[in-house]
Amino acid sequence: MSEELSLVDSNHSVSTQGRTQAAKPRGIQSILIGFHILDRLAESPTPLGLKHLAEASNMPASKLRFYLVSFLELGLVTQEAPSGRYSLGPTALRLGLAALEKFDIINLARSEMRQLADQLGFSVFLAVWGTHGPTIIDRVDGRNRTVLEIRVGTALPLQTSAMGRAYAAFLPKAVISPLLRTERRQGLVVDDFPMQGTAQGEEIRATRLSVSSGRLLAGFTAIASPVLDRAGTPVAMLSVVGQVGPLKDTHEDTPAHALLELTKRLSLQLGWSEKER
């Protein structure tokens, strides 16, 4: 009798354990450790020696060597001949490029725009850098009064639009200057234009937010934030636009915070790191 009970209890224990494992699948610890090593190499701006990589990975050098031997064989890591320092290898590059080819940031941003417009109640615009500056490629209107003057295909001015000012803060002067000269020849001159290296430009780069209130369209304010790639280059720009007053445009208010969180999520998926700001 006690033998049967013991068997039942044992089976019950195994069954319960199985359910627990099913609820939370166990991973392979060595893969997680290996990824941690590769991630340290990815974060480093220069190749790392064994000692520094061991310190960054928080593991003994003797243990780290085993992982590096396998990574070298797979091409995930390469080793410089003279110095012996390690960096990511051709296989890591190939995997990264394959992931980027399958990742369409524009379509992903579009899928998020409706949610943001519904959350805030204001129009959300998506732009990319074109021949004539920031060019609107999509818009989603919220429940509040919308901006009829900004349509898909509209090229926005650099100096007075939130998107243009954000692009100016992030793009090289060589890219911005020709369009800026054209605008100024046409009579549009703004003293506080946020080129790279200016106080206004550095503030936009630090906060990843640009605000333009009443500059482009009377009675409307806009908040823009860039989607950045690994190099910190804006691949797209998102903007929330609404009436001055109803749309709170300080950095601490909900619209700016929600927009910033969205562009941060998208940027992280492109390999951007907040540490590199």
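A few points about this structure:
- Residue in segment 224-238 that is assigned by TED's automatic domain parsing to the domain that holds L148, over 15 Å from A109 (Cβ atoms), of a type in the set (D, E, K, R) and within 11 Å of the chain's Cα centre (by Cα) present: yes
- Whichever residue in segment 137-157 is modelled with pLDDT of 90 or more and among the hydrophobic types (A, V, I, L, M, F, W, C) and, among such residues, is farthest from G245 (Cα to Cα): L156
- Single residue of R40, R94, R139, R65 found to be of a type in the set (K, R), without any contact (Cβ under 8 Å) to a residue 40 or more places away in the chain, outside the structural domain of K248 (by TED's automatic domain parsing) and buried (at least 18 other Cβ atoms within 10 Å of the Cβ): R40
- Which listed residue, of L209, L262, L228, L266, is at pLDDT 90 or above, under 15 Å from G164 (Cβ atoms) and touching a helix residue (DSSP H, G or I) at 6+ places or on another chain (Cβ under 7 Å): L209
- Residue within segment 68-90 that is among the charged types (D, E, K, R), closer than 23 Å to S267 by Cα, surrounded by 14 or more Cβ atoms within 10 Å (Cβ to Cβ) and modelled with pLDDT of 90 or more present: no
- The set of residues in segment 175-207 that are of a type in the set (V, I, T), outside any helix (DSSP H, G or I) and touching a Ser or Thr at 6+ places or on another chain (Cβ under 8 Å) contains only V190.
- For segment 220-257, the set of residues classified as surrounded by fewer than 16 Cβ atoms within 10 Å (Cβ to Cβ) and in a helix (DSSP H, G or I) consists of T254, H257, listed by residue number.
- Count of residues meeting criterion [at pLDDT 50 or above and among the hydroxyl-bearing types (S, T, Y)] in segment 1-52: 3
- Of all residues making up segment 157-174, the number that are touching a Pro at 6+ places or on another chain (Cβ under 8 Å), outside any loop (DSSP other than H, G, I, E, B) and of a type outside the set (D, E, K, R): 7
- Residues in segment 118-136 that are in a helix (DSSP H, G or I) and touching a residue at least 60 places away in the same chain (Cβ under 8 Å) were compared, and the one that is nearest to Q243 (Cα to Cα) is L120.
- Filtered residue count, segment 189-206, keeping only those that are surrounded by 24 or more Cβ atoms within 10 Å (Cβ to Cβ) and at pLDDT below 85: 1
The values are calculated or read from the model by the stated rules, or taken from the named source; none is laboratory data. What you see is a predicted model; the values in this text were computed from it and never measured. Glycine gets a Cβ as well: all are built from the backbone with ideal geometry, and neighbour counts include every protein chain shown.
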